[in-house]
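A quick write-up on the structure given underneath.
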Amino acid sequence: MKRIASFEVDHTVLEKGMYTSRVDGDVVTYDIRTRKPNAEEVMDNASIHTVEHLFATFVRNSPLADKIIYFGPMGCRTGFYFLVRDMSQEDAIGLTQQAFRFIAEFEGDIPGVSAVECGNYKDHSLDGAKKEAEMFLPVISKVTPASLEY
């Protein structure tokens, strides 16, 4: 079988940051890497799950909502994939920065956390998600279009 593109990235040199993972027509997949792969402890599931709920809710309520396709965790628990359509790099970076700021400052009930709305509604950590966002803010604040390349 043909190797997929994400397995072609040298994870031994990959640093925390935001990268353009792939471009498929007008759809861009961003690799939002919150951990240095194979060098740092991975994120716990409850924190990942809450980051996912908060990030997705934030971006789908933004002025760029119609350009959002998907946001979700990587199986390796070192980051997230963010898929957008027809969005400039500057807008994708800015929206990601705003979303992590939103998560770091979030207070209240986590959106979508009930048995009706979520398939694993008991596995959440707002404190963990806020910690993840706070740790990533200094990294994401330095991302520019020029730094998006692996």
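A few comments on the model shown:
- Pairs meeting the criteria (first residue in the stretch 93-117 and over 13 Å from Ser62 (Cα atoms) and free of Cβ contacts under 8 Å to residues at least 40 places away in the same chain, second residue among the polar types (S, T, N, Q) and not in a loop (DSSP other than H, G, I, E, B), beta carbons under 7 Å, at least 6 apart or on different chains) are lacking.
- Subset of the stretch 36-78 [within 14 Å of Phe100 (Cα to Cα), part of a helix (DSSP H, G or I) and out of contact with any His (no Cβ under 7 Å at 6 or more places or on another chain)]: Ser47, Ile48, Val51, Glu52, His53, Leu54, Phe55, Ala56, Thr57, Phe58, Val59
- Top-ranked residue in the stretch 1-46 [being under 28 Å from Lys122 (Cα atoms) and among the aliphatic types (A, V, I, L, M); ranked as surrounded by the fewest Cβ atoms within 10 Å (Cβ to Cβ)]: Val42
- Single unsatisfied condition, Gly108 versus (1) touching a strand residue (DSSP E or B) at 6+ places or on another chain (Cβ under 7 Å); (2) of a type outside the set (Lys, Arg); (3) at positive phi: (1)
- Pairs where the first residue, in the stretch 124-140, is within 27 Å of Ser114 (Cβ to Cβ) and the second is assigned to a helix (DSSP H, G or I) and acidic (Asp, Glu), C-beta under 9 Å, 6+ apart: Ala129/Glu52; Lys130/Glu105; Ala133/Glu105
- Here Glu90 fits the description: within 23 Å of Thr29 (Cα to Cα), of a type outside the set (S, T, N, Q), more than 14 Å from the chain's Cα centre (by Cα) and assigned to a helix (DSSP H, G or I).
- Qualifying residue in the stretch 124-137 (condition: surrounded by fewer than 17 Cβ atoms within 10 Å (Cβ to Cβ) and in a loop (DSSP other than H, G, I, E, B)): no
Quick grid of which residues meet (1) among the aliphatic types (A, V, I, L, M); (2) outside any strand (DSSP E or B); (3) under 22 Å from Gly25 (Cα atoms):
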| residue | (1), (2), (3) |
| --- | --- |
| Phe80 | no, no, yes |
| Arg101 | no, yes, no |
| Val113 | yes, yes, no |
| Tyr121 | no, yes, no |
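- Screening Ile68, Ile140 for residues that are in contact with a Lys or Arg (Cβ under 7 Å, 6 or more places away or on another chain) and within 22 Å of Val28 (Cβ to Cβ) leaves exactly one candidate, Ile68.
Per-residue answers, yes or no, for (1) at pLDDT below 95; (2) under 28 Å from Gly108 (Cα atoms); (3) out of contact with any helix residue (DSSP H, G or I) (no Cβ under 7 Å at 6 or more places or on another chain):
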| position | (1), (2), (3) |
| --- | --- |
| Ala5 | yes, no, yes |
| Asp10 | yes, no, yes |
| Tyr30 | no, no, no |
| Met43 | no, yes, no |
| Ser47 | no, yes, no |
| His53 | no, yes, yes |
| Leu64 | no, yes, no |
| Ile69 | no, yes, yes |
| Thr78 | no, yes, yes |
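The values are calculated or read from the model by the stated rules, or taken from the named source; none is laboratory data. Being a predicted model, the structure only gives us computed values, none of them experimental. Backbone-built Cβ (ideal geometry, glycine too); neighbour counts: all protein chains shown.
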